[in-house]
Every structure is written in C-alpha cells, then in structure tokens.
C-alpha cells in the first residue's frame, strides 16, 4: 500500500509516552563513556523480540525471553562494554539488573527486557548497575533518545536513531528506534542490538508476527564481517497511546503498520552497515528477476557478504567476477547462465557483466563510480519476479586494526 510515512525527530522518544536516558556507570572502565541505557513507557506495552541464532547466547537473551513470554513489558535496560556471555553467574546478574531496575521504576522485574553488548567471556559485576540505575532513572526524559543511543555503542563511530510518523484511522502514530552495531555483524534472526518503540495499539501476537516479517528484509539483510553475534536482539514495545483501534488481525491497519515499521528497521539496518568497523563505503546490492523473493534475499546477501567483493569495493576495482562468484555459492536452486550486473553511484552507472559474460566497459569510468561513498550493485537474474535488497560495507585495513586489539 502507498502509506504517507514521514521521517521525524526523537528516536525512541518520538512515540507518545516513552522516556529514555543514558549514563556512564564504569562498565567500560571509565566514567567518560556512557555504557548504560534505559527506555521506559508510561504504561504497560505489548512486547515482541527476535534473537540471535548463534548457539552460544548471552545470558540476557534467556532472561528477556522469559520476561516477555507473556507478550508484555514496560522497559528495556541495556549495558555496553560487556556482553554478559559465557560469564560467571551471568544469568543471575541479568535477573538482578532487572530487579534493581524494577525497584527504581516501581514496576515488576518480569516486565523488564535486559540486554548487554561488548566483550564476550568477561565477568560482569552488579556494582556498576547498583550505582548507575538510580542515576539513570533520575535522568529519564521524553527527549532522552540520543543519550540512550550513545550509551549502547561499542565500536560504533556514531549513534543510530530514527523515527517516523503516519496515520492510522485518523490517529497520528509514531514508531521510533535506536540501534548499535559496527563489527560482528551478520544478523540471522553482531553485536547488533535494536530497540523500537511505538504508540500504536497492537496485540502482542500481531506485533510479534510483524516484527519477524520485517526483520527478514532489514536486519537480516546486512553484513559487515560474516560473524553472527551471541547477543543479537531486536525488542519492540507498543504502548497504544496513539489511540487507534487495536490491531489484532490482518487487514489495512496491519499492512500500514508493517510498512511504517519497515521504514524504521531498514533505515537502522543501513546505518549499521554504513558504520561497519573501518568502513569507508556503504554497499547496496539490488537483485531482481530471481525465482522468488527468498532466493533474491539469499543472493543479495551473499554478494554483500563476500570478503573479496568488499575488498574490491575498498579499492574501487570493478571486479565483477567476485559478484558472480558470490552469487554462485548462495544457497538455493537457480541458474547462473544469464545474469546481468551493473555498478552505480552518484558518479554514474556502468554495466560490467551481461549474460554472465564480460561486457566491454571503461575501467577508468568504473573506478570513478566506485570511488564514491555509496555504491549500488544491481543484479538481474532473468528467471522470475523475485526481488530483494541487502546492505554491507567495504573491507579495509582498519577492520583488522580494530579487531586486533578489541579488548584493549
């Protein structure tokens, strides 16, 4: 459907009734960097989440899964600097974090989603939470989204937040979100976290389905380095304060909500890909003519996940053979006999492959096109009506430098 969705300011605080804050409590070893974030609704929310498929999972994921099993939550607490994964007493720390948060907010511990991001396998202590959560609660503000977005960052170079506004049944509704992630990014639902808020009134079951559907074409379509984190989590809270009629079944209202939600998740997904560790370029792969949308998603992600292709884009080298190679090992049953590839940017467009064969083109022109900060690789499979988009970044020397001394 053609929904009028407008981007607006405010991040997770754009929807009515949401406060947020961020503070430094010493988890990162300094009080100069924010490392604890809190998002709270004025009223109870419908809640839904998706989690990493990594078999090794952070302790907070289990606690959050348990807490929102009833489809309800009122707040999200998240620390950065320590993933609370494979850590001694990790689950107890996560549950105690919920207890302290609930005590300060005057709610129940089981109504809190808890998340962590940072170094894996490092012990996490409760003292920073005991000291930081009361301060965090005092700082809660209807303008606090930017602070929360900063507090969940690890190797990110910029905070990531977005918000949209649209109409449902004559009621103005908003969806806002923040996200973090720069390395260990290959979501499969890396250290990728995203928190989304909305004032839309929607049942937990329908919200859960909408989130899972939207994730397929947004967060699951990005890749920085091929590593699926132990702590990936996307949490959505919907408090219903917009006053629309409850969305509890399929129909126009749900379609509108999913379209608006998709605007938020795709925007955040692109910000994550663009801020990949050491990255200088955003790479977008658009696939059409595939046997199905599912096949197109697999092909497009295979292309942007290729280390060889990512390195070529860093060097502004139109090595289209690496595109075909990546398509060839994408999962699924399809032909590779008649594939066209174009590379484009703000500097122009060049077709580098036609019918799965070399096509004459100017290397000089191609290098100029690939020198831009945003590059589009367009693939036509000529086999059906399936289409999809995926996002990644180039692979640079700085990626190795960052990860060579990540713990220090």
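Since every read-out is calculated from the coordinates, none of them should be taken as a lab result. Please read these numbers as outputs of a predicted model, since none were measured by experiment. A quick note on method: Cβ atoms are made from the backbone with ideal geometry, for glycine too, and the neighbour counts reach across all protein chains shown.
Can you give the % of DSSP beta bridges in the chain that are antiparallel, to the nearest 5?
Around 70 percent antiparallel, to the nearest 5.
From least to most packed, judged by other beta carbons within 10 angstrom and beginning with the fewest, 112, 375 follow the order 375, 112.
Ranking of 78, 325, 25 by neighbouring Cβ atoms within 10 Å, starting from the fewest: 325, 25, 78. For the stretch 282-404, what is the percent of antiparallel DSSP beta bridges, rounded to the nearest 5? If I count the DSSP bridges inside the stretch 282-404, around 75 percent turn out antiparallel. Under the shape rule built on the C-alpha gyration tensor, where the axes satisfy a ≥ b ≥ c, the stretch 237-294 is oblate, since a/c reaches at least 1.5 while a/b does not exceed b/c.
The stretch 349-387 and the stretch 6-32 have Cα centres separated by 40 Å. How many angstrom lie between the C-alpha centres of the stretch 258-289 and the stretch 60-84? Cα centroid of the stretch 258-289 versus Cα centroid of the stretch 60-84: 25 Å apart. In this simple spin-label approximation, residue 372 and residue 123 carry label points 7 Å from Cα along the Cα→Cβ vector, and these lie 5.3 nm apart.
Normalised by the number of residues in the stretch 282-404, the mean separation of alpha-carbon contacts (under 8 Å, six or more apart) gives a relative contact order of 45 percent.
Shape verdict for the stretch 1-75, please, from the Cα gyration tensor: rounded (a/c under 1.5), prolate (a/b greater than b/c) or oblate. Oblate is the answer for the stretch 1-75, as a/c is 1.5 or above yet b/c matches or exceeds a/b. Is the shape of the stretch 282-404 best called rounded, prolate or oblate, per the rule: a/c under 1.5 gives rounded, else a/b larger than b/c gives prolate, else oblate, with a ≥ b ≥ c the square roots of the Cα gyration tensor eigenvalues? Note, shape of the stretch 282-404 comes out oblate. The modelled label-to-label distance for the pair residue 337/residue 2, using points 7 Å beyond Cα in the direction of Cβ, is 4.0 nm. Using the Stokes-Einstein relation with a Kirkwood hydrodynamic radius computed over Cα pairs, the translational diffusion coefficient of the stretch 74-136 at 4 °C and a viscosity of 1.567 mPa s comes to 111 µm²/s. Alpha-carbon geometry of the stretch 18-58: the Rg and the Dmax are 14.7, 36 Å, given in that order.
Find the centroid of the Cα atoms in the stretch 195-225 and in the stretch 100-166, then give the distance between the two in whole Å. What the calculation gives is 20 Å, centre to centre. Inverting the pair-averaged 1/r between distinct Cα atoms of the chain gives 21.7 Å as its Kirkwood hydrodynamic radius.
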